[in-house]
């Protein structure tokens, strides 16, 4: 049976732990110069409706390190959603490549690709979910804190796609999480219900200071996501008081999925400080996704 990853809870908690273990093993092997190459003569098809630095480079580099190859398919390269139905793209690509990854706007398009593909499908980002980022986040926290039981995390900012996948991943990992968002910008109720079924839903508040009390780590993301430019002024006004500053962070660690809008959701001072572990987090996109790709290949 072909396995897909549309959101992080497509994995069971045990499977999540296995993927993170595999990622850690591959990272250690890479650092030792002993990369395994299980993907000889295999190809990853990468569909991009949105531009990206970390998603494209980490997946493409990861496939190279695993002995395979990746093909970039931008919006002008294929007929996804214009010229042929999404399901036809999925069926055609499945005849050429061994895995499909897509970074899209509409989550429904990802669901359709996964439904009709006959090879594993990975959601590289949609407006509703970013499971690959969550894998990297959890790998980073596990490395920094030696596990999840000793770490308390505060999310401060928008209840966006990154936040929603992280909420689910935190519930699966048993991570203590508090989420602070402005009114009207919180985590979707259905996501909170899913988190509760997986473990424990996060505490929620509209006060960033309450959220960071007792936290070891503060996580934030942009207030204005790609595709929301027409909401920019409205959102920046709504998020007044949610900027992650040195006073808010204190001696806590900082995570950010990047790219950062310095001076909006986070100050330059904080992201350049020793408290920031954003570059470890960015690097772990590579290792976490390699772990996922290897695990998916073992399930097929």
- [ ] Select from region 7-22 the residues that are assigned to a loop (DSSP other than H, G, I, E, B) and touching a helix residue (DSSP H, G or I) at 6+ places or on another chain (Cβ under 6 Å) and list them in ascending order.
- [x] 7
- [ ] Answer yes if at least one residue in region 46-62 is within 15 Å of residue 131 (Cβ to Cβ), assigned to a helix (DSSP H, G or I), in the same structural domain as residue 111 (by TED's automatic domain parsing) and touching a strand residue (DSSP E or B) at 6+ places or on another chain (Cβ under 9 Å), and no otherwise.
- [x] yes
TODO: Name every residue in region 255-286 that is assigned to a strand (DSSP E or B) and touching a helix residue (DSSP H, G or I) at 6+ places or on another chain (Cβ under 6 Å), in order of residue number.
DONE: 255, 256, 262
Task: Residues of region 223-254 that turn out to be buried (at least 16 other Cβ atoms within 10 Å of the Cβ), at pLDDT 95 or above and not in a helix (DSSP H, G or I), as a count - done: 7
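Tell me the residue from 296, 198, 286, 258 that is surrounded by 14 or more Cβ atoms within 10 Å (Cβ to Cβ) and on the phi > 0 side of the Ramachandran plot, please.
Working: 296 fails: on the phi > 0 side of the Ramachandran plot; 198 fails: on the phi > 0 side of the Ramachandran plot; 286 fails: on the phi > 0 side of the Ramachandran plot.
Result of the check over 296, 198, 286, 258: 258.
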- [ ] Examine region 236-245 for a residue that is under 19 Å from the mean Cα position of the chain (by Cα) and either touching a residue at least 12 places away in the same chain (Cβ under 8 Å) or farther than 19 Å from residue 127 by Cβ (or both), and state whether such a residue exists.
- [x] no
Task: Members of region 81-115 found to be touching a residue at least 60 places away in the same chain (Cβ under 8 Å) and in contact with a strand residue (DSSP E or B) (Cβ under 7 Å, 6 or more places away or on another chain), listed by number - done: 98, 99, 110, 113, 114
Task: Criterion violated by residue 118 - all others in (1) crowded, with 17+ Cβ neighbours inside 10 Å; (2) modelled with pLDDT of 95 or more; (3) in contact with a helix residue (DSSP H, G or I) (Cβ under 9 Å, 6 or more places away or on another chain) satisfied - done: (1)
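Taking residue 212, is it free of Cβ contacts under 8 Å to residues at least 60 places away in the same chain and either more than 26 Å from residue 10 (Cβ to Cβ) or surrounded by fewer than 14 Cβ atoms within 10 Å (Cβ to Cβ) (or both)? Step through it out loud before you land on a result.
Numbers: free of Cβ contacts under 8 Å to residues at least 60 places away in the same chain: yes; either more than 26 Å from residue 10 (Cβ to Cβ) or surrounded by fewer than 14 Cβ atoms within 10 Å (Cβ to Cβ) (or both): yes.
So residue 212 passes the test.
Please indicate, with yes or no, whether at least one residue in region 164-171 is surrounded by fewer than 17 Cβ atoms within 10 Å (Cβ to Cβ) and in the same structural domain as residue 238 (by TED's automatic domain parsing).
Taking region 164-171 first, the residues surrounded by fewer than 17 Cβ atoms within 10 Å (Cβ to Cβ) are none.
Checked against the condition, which is being surrounded by fewer than 17 Cβ atoms within 10 Å (Cβ to Cβ) and in the same structural domain as residue 238 (by TED's automatic domain parsing), region 164-171 yields no hits at all.
The values are calculated or read from the model by the stated rules, or taken from the named source; none is laboratory data. These figures come from a predicted structure and were not determined experimentally. Because the Cβ atoms are built from the backbone with ideal geometry, glycine has one as well, and the counts that use them run over all protein chains shown.
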